[in-house]
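Working notes for the structure below.
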Amino acid sequence: MKKLLKGNEAAVVAALVADCDAFFGYPITPASEIAHTAALLFPKLGRVFLQAESELGAINMVFGAAAAGRRAMTASSSPGISLKMEGISYMACAEMPCVIVDVMRAGPGLGNIGPEQSDYFQIVKGGGHGDYRVIVLAPGSVREMYQFTLEAFDLADAYRTPVVVLTDATTGQMMAPVEIGEFEPTKPEKPWKLDTTAATNGNVITSIYLDFDEMERHVGHLDAKYAEISRKEARAELYRTEDAEILVTGYGIMGRLLHSLADDCRARDLRVGLIRPQTLWPFPAEFYRRAVRPGVPVLTVELSKGQLVEDVRLTLRDNPVHFYGRSGGNLPTREELVRQVEQVLRRPDV
Amino acid sequence: MPIVLDKPSSFFDTFHRKPTQQKTTHYCPGCGHGILHKLIAEAISAAELQDRCIIMAPVGCSVFLYYYFECASISIPHGRAPAVATGISRMRPDAILVCYQGDGDLAAIGTNNAIHAASRGEKIITFFVNNNVYGMTGGQMAPTTLLNQKTTTTPYGRTLENEGAPLPVAEIMATLDAPGLVARTAVNSPRNIQKTRRLIRRGFEAMKDGKGYVFIEVLSHCPTNWRKTPEEACRWIDEVVTKVYPLKLFKDDLDTREPLCREHPRGGFPELVKALGVRAEEQDAGGVPPALPNGTDTLTFKGAGFGGQGVLSLGLLLANTAMRKAWEVTWLPSYGPEMRGGVAYSSVVISRKPIGSPVVDCPDILIALNKPSIFKLGPLVPEQGTIVYNSSMIDELPPDLSAGTVAGVPATDLAAEAGSQKAANTVALGCLAGITGLLTREEIAGALRETYSKPAVYDLNLRALDAGWRHGVRQGTDA
Ligand code: SF4
C-alpha cells in the first residue's frame, strides 16, 4: 500500500514493520515527529513507547531492551545524540543490537533546527569513547528512510551492533509516497539475552574487561566483526558515472540535490556523474574506486565545512578532490551548484 | 541434622573472578557489601525468584557482583541502572529488576534516572548502598559524605559553603507516590542485619506479586576509605552516620497495592495498516502517470503565505492528489531562516519520473496568499510559469514578474463567503486547478474528503473549492 509520509514518520512505520518492540525517546526538534508518530502507533500495536527522562535515559532503556533480546530503537537530533554517545559506546562494546535515528540539525552547540550534515565525524568516526564502529546508513529520500530503517534492524541483529540511520532535518520533514508492504525480518537466536527463564541464569552482558589481554582480545573480536561488515555491507548509488568528466558526491539530502545537479549539467552538455554513499560506515570506498577513473576531478558537496570529503580524499589518492559546503541550515540552490561544477571544470587540478 | 543456615541457591558455588580465591569475594575485609549481597541472595532464594531476577551491576566496588549472583545480569554505564532496568522491564514484564547502586552511582551521576524510574513505579527493587564515600575510585566525596568528613576530594573536610549538605535520598524517594516501600537500614550490627533481612524479604515478596517499585537505602561501612578498623567503622555508623541518616521505614503501603500489569496484545501488519488509516481510495490506480500541463516531466510548486494561512496543508492537498494520479511527488515545508519575513512555504515537486531534489528554488507554479510572498517569490517564477495570487490581500504586484500567467483570485473574500477565511488556501488551489487543468475538481474534492474528517469542515472546503474553481475556469477562458 502507498502512503504519503514524512521521512521521520517513515522511520517509525518501518520500525513497526521490522517488528521493533520498543521506542524510547526524548523530544528534540527536528526529530520530534519520530517520537510523536511512535507514541501514536507503538501502543496501538502492543509495542512499548516510553518518553524517557533524558537522552541518556532513552539510550540506556534501549540498552536494556536489547539486552532482553528484543528489538528497540531511539531517535534524536544532533545535541541529543551527543548525550547518547555514552550508551552507544557501551552498547557497541557489549554488542547490543539497536537502531538509532539521527536527524541532524545545525551545530555546534544549540545551533538551530535547520538541516546540516556536520555530525558525520561524530557518527561515522566514533563519537563515544573507545575503539568501536557503528553501521551508518544514509537515506537520501523518504523511501530510503523507510527502506534503510527496515533493514537496520536486521543488520543490527546480524552483527550484534548499534546501527545509526543518519539523516537530516530536510529528509526528516519532507513527504513522499512510500510503498509499505509486509516484511519477514531475519531474527537470529539470542542465547545471550536476559530473560526470566532458568536458561539465562548466569548470562552476563558486560563491557568491562579488567584484564588487559582479555580487553585486547575483545577489541580484536570487535575489529574482526567490523572488517567483515566493511567487506559485505558497503553501498552506494552510482548515477551516470560511466562517461563523466567530473564526479559529484554527497549523501542524504545533498545526494538528492546532486542527482538533480547531474541532470541540470547534462542538459548543458556537462558530463556530470554522481556517487551517493548509502552507507557512511562502512565507507563505500570500492564504489568510488570503480566509478572514478584516475585524474577525473571530484567535487564533494556537504552541508558542513568538510567532513565526508576527508574519506573521499583518503579513498581517491589519484584524483583532485574539491569541496563545497553550506552550513547554518542553508541548502545550496541548483544554480549555485552548477557554478561550482563549472568552476571545478575550469581549474580541475587544484 | 537439620540445616539451619546454608549458602543461598542464587549464589554461585564458586566465584570465578580470582582463580586462586574461589570462595571469597573481592571486597575489602570488613566491607558491608558482602553482608548485603548475602541478604539479597537469601531473599531471592527464599522467594524462589532466581529465574525472574535480573541484576544491574553498577559502576563502583560492586561492579563485579555478577560473579556472585547466579542470576541474569548486566553491567551498565555509571548511574544508568534504573534506565537499563526500565528497558528490560518493559520487554520482560515478569522480570524483577534488581538495581544495586552506590552513592556516586545513584545519588550523583544517576539521580535523574533513579528518581524518574521510581516515579514511574518501575518493577525495580533498588538497593542504595550509602557508605558516604566513593569506594572504588579512591575515597572521593560522595553526595552522601558527612559534613566535615575528610575524603580525597575534601581533604579539609566537607563544608556547607563549598559542597553543601549531604543528600537525604530515602527521604526524597519517600515523597514520591509510586514507590510502595521506602526505608533506610544498616548492616553494621547483628540487630540491624536482622532488620535488614526482614525488610529485604518483604521487598522481594512484594516484587514477586508485581507490586512495583521498592527502595531500600542501606548504610554500609567502608573501613578502607574511612581509614578505620572494621569494628570502628561499624561503631561509627551507630554513633555518627545514623545521626545524619536515621534508620527508618519511611513508607510501606505494599499491602494496599494492586499488581501492575503492562502487557498488551500485540499487533502485526494488519493492525499497522488499520492504525495508519490507509484507505483503498487513497491508492493510485497504477498505470502511466498522465502528462503534466507544462509539457515537461517535472513540475515544481510553491505555496506561500503567512503562517496560519494553511500553506502547508495546501501543499499537502496537492501532493496527496498528485500521488493518486500515479505521479511521483515530494512535499517539503519551509524551514528555519526561510520563514523570516512573514512568509511560510510549502514546496511540492510533481514528476513523471523519480524526483531528484525536493527543493524548489524557482517554482513553475506559485500560489501567493499574502503580499510579502509574491514580492519575494513572484519574480522567481519563469516565463512559462503560473502565479495565482490572493487579490484580497495583495493590492499591488512586483514590477519584475516574468510568469506567463498571473491570475488574481479574491481568495480570502471568497472563502469568507463560503463560511470561513481559513479556507482561502482551498479557494486558491481550486482556482489554480481551474486555470491549469493540473487537477480536476473531483480529484481535489476526493483529497478534501480524506483530509477533513469533520463533515462541516469538509463542506466548507468544498464550497471554497468550487468558488475558486469557477473563478479559475473563468480566468482560463478569459486568457
Ligand atoms: S573500598 Fe570500601 S566499599 Fe569498596 S570494597 Fe573496600 S571497604 Fe568495601
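The values are calculated or read from the model by the stated rules, or taken from the named source; none is laboratory data. Note that the structure is a prediction, hence the values are computed from the model and not measured. Positions of Cβ are generated from backbone atoms using ideal geometry, with glycine treated the same way; all protein chains shown enter the neighbour counts. All accessible areas refer to the heavy atoms of the entire protein, side chains included, with ligands and DNA or RNA removed. Shrake-Rupley method; radii C 1.70, N 1.55, O 1.52, S 1.80 Å.
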Task: Residue list for region A:303-330, filter: closer than 15 Å to residue A:248 by Cβ and within 14 Å of chain B (Cβ to nearest Cβ) - done: A:303, A:326
TODO: Identify, by number, the condition in (1) surrounded by fewer than 24 Cβ atoms within 10 Å (Cβ to Cβ); (2) at negative phi; (3) not charged (D, E, K, R) that residue B:43 doesn't meet.
DONE: (1)
Open item on the list: Restricting to region B:276-302, name every residue that is under 39 Å from the mean Cα position of the chain (by Cα) and either at pLDDT below 80 or part of a loop (DSSP other than H, G, I, E, B) (or both).
Closed with: B:277, B:278, B:279, B:280, B:281, B:282, B:283, B:284, B:285, B:286
TODO: Tell me which residues, restricted to region B:77-92, are open to solvent by less than 10 Å² (accessible area, probe 1.4 Å), outside any helix (DSSP H, G or I) and more than 7 Å from every other protein chain (Cβ to nearest Cβ).
DONE: B:79
TODO: Under 6 Å between Cβ atoms, at least 6 apart or on separate chains: pull out the pairs that start in region A:149-172 with a residue that is farther than 20 Å from residue A:78 by Cα and end on any residue that is among the acidic types (Asp, Glu).
DONE: A:160/A:95
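Looking only at region A:131-159, count every residue that is farther than 15 Å from residue A:181 by Cβ, of a type outside the set (Asp, Glu) and within 12 Å of another protein chain (Cβ to nearest Cβ) and tell me the total.
Going through region A:131-159 one residue at a time, the tally reaches 3.
Does residue A:223 fit the bill of being at pLDDT below 95 and surrounded by fewer than 16 Cβ atoms within 10 Å (Cβ to Cβ)?
Taking the combined requirement at face value, the residue does not satisfy it.
Per-residue answers, yes or no, for (1) outside the structural domain of residue B:294 (by TED's automatic domain parsing); (2) of a type outside the set (Lys, Arg); (3) at pLDDT 95 or above:
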| site | (1), (2), (3) |
| --- | --- |
| B:378 | no, yes, yes |
| B:389 | no, yes, yes |
| B:414 | no, yes, yes |
| B:439 | no, yes, no |
| B:454 | no, no, no |
Open item on the list: Which count do you get for residues in region A:258-275 that are in contact (Cβ under 8 Å) with a residue 40 or more places away in the chain and either buried (at least 24 other Cβ atoms within 10 Å of the Cβ) or closer than 14 Å to residue A:124 by Cα (or both)?
Closed with: 4
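Here is a yes/no grid of residues against (1) within 22 Å of residue B:98 (Cβ to Cβ); (2) within 9 Å of chain B (Cβ to nearest Cβ); (3) in contact (Cβ under 8 Å) with a residue 12 or more places away in the chain; (4) in a strand (DSSP E or B):
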{"position": "A:195", "(1), (2), (3), (4)": "yes, yes, yes, no"}
{"position": "A:207", "(1), (2), (3), (4)": "yes, yes, yes, no"}
{"position": "A:214", "(1), (2), (3), (4)": "no, no, no, no"}
{"position": "A:221", "(1), (2), (3), (4)": "no, no, no, no"}
{"position": "A:225", "(1), (2), (3), (4)": "no, no, yes, no"}
{"position": "A:232", "(1), (2), (3), (4)": "no, no, no, no"}
{"position": "A:237", "(1), (2), (3), (4)": "no, no, yes, yes"}
Open item on the list: Cβ-Cβ distance below 6 Å, separation of 6 or more or different chains: which pairs start in region B:113-139 with a residue that is within 9 Å of the ligand (Cβ to nearest atom) and end on one that is open to solvent by 10 Å² or more (accessible area, probe 1.4 Å) and hydrophobic (A, V, I, L, M, F, W, C)?
Closed with: B:131/B:222; B:133/B:222; B:135/B:61; B:135/B:222; B:136/B:61
Task: Matching residues, region B:21-37, being of a type outside the set (Val, Ile, Thr), open to solvent by 20 Å² or more (accessible area, probe 1.4 Å) and within 14 Å of the ligand (Cβ to nearest atom) - done: B:26, B:27, B:28, B:29, B:30, B:31, B:34
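Yes/no per residue for (1) under 18 Å from residue A:229 (Cα atoms); (2) open to solvent by less than 10 Å² (accessible area, probe 1.4 Å):
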residue: A:96; (1), (2): yes, yes
residue: A:113; (1), (2): no, no
residue: A:118; (1), (2): no, no
residue: A:136; (1), (2): yes, yes
residue: A:143; (1), (2): no, no
residue: A:158; (1), (2): yes, no
residue: A:161; (1), (2): yes, yes
Open item on the list: Quick test of your reading of the structure: residue A:243 fulfils all but one of (1) within 12 Å of chain B (Cβ to nearest Cβ); (2) surrounded by fewer than 24 Cβ atoms within 10 Å (Cβ to Cβ); (3) touching a Lys or Arg at 6+ places or on another chain (Cβ under 6 Å); (4) over 24 Å from residue A:72 (Cα atoms). Name the failing condition by number.
Closed with: (1)
- [ ] For residue B:233, indicate whether it is within 16 Å of the ligand (Cβ to nearest atom) and in a helix (DSSP H, G or I).
- [x] yes
- [ ] Output the helices (runs of 4 or more DSSP H) that fall wholly within region B:366-479 and possess 2 or more residues being out of contact with any strand residue (DSSP E or B) (no Cβ under 6 Å at 6 or more places or on another chain), over 18 Å from residue B:294 (Cβ atoms) and open to solvent by 20 Å² or more (accessible area, probe 1.4 Å), or say none.
- [x] B:371-377, B:411-418, B:441-451, B:455-478
Task: In region B:31-60, the residues that are free of Cβ contacts under 8 Å to residues at least 40 places away in the same chain and assigned to a helix (DSSP H, G or I) - done: B:34, B:37, B:38, B:41, B:45
Task: Residue, nearest to the ligand (Cβ to nearest atom), within region B:140-172, restricted to residues that are in contact (Cβ under 8 Å) with a residue 24 or more places away in the chain and small (Gly, Ala, Ser) - done: B:142
Open item on the list: Testing residue B:63 on (1) facing chain A (nearest Cβ under 7 Å); (2) among the aliphatic types (A, V, I, L, M); (3) without any contact (Cβ under 8 Å) to a residue 40 or more places away in the chain; (4) within 16 Å of the ligand (Cβ to nearest atom), one condition comes back false. Which one is that?
Closed with: (3)
- [ ] With the checklist (1) away from the ligand (no atom under 16 Å from the Cβ); (2) crowded, with 16+ Cβ neighbours inside 10 Å; (3) more than 34 Å from the chain's Cα centre (by Cα); (4) of a type in the set (Gly, Ala, Ser) in hand, flag the one item residue B:210 doesn't pass.
- [x] (3)
- [ ] Determine whether residue B:102 is at pLDDT 95 or above and either within 16 Å of the ligand (Cβ to nearest atom) or open to solvent by 60 Å² or more (accessible area, probe 1.4 Å) (or both).
- [x] yes
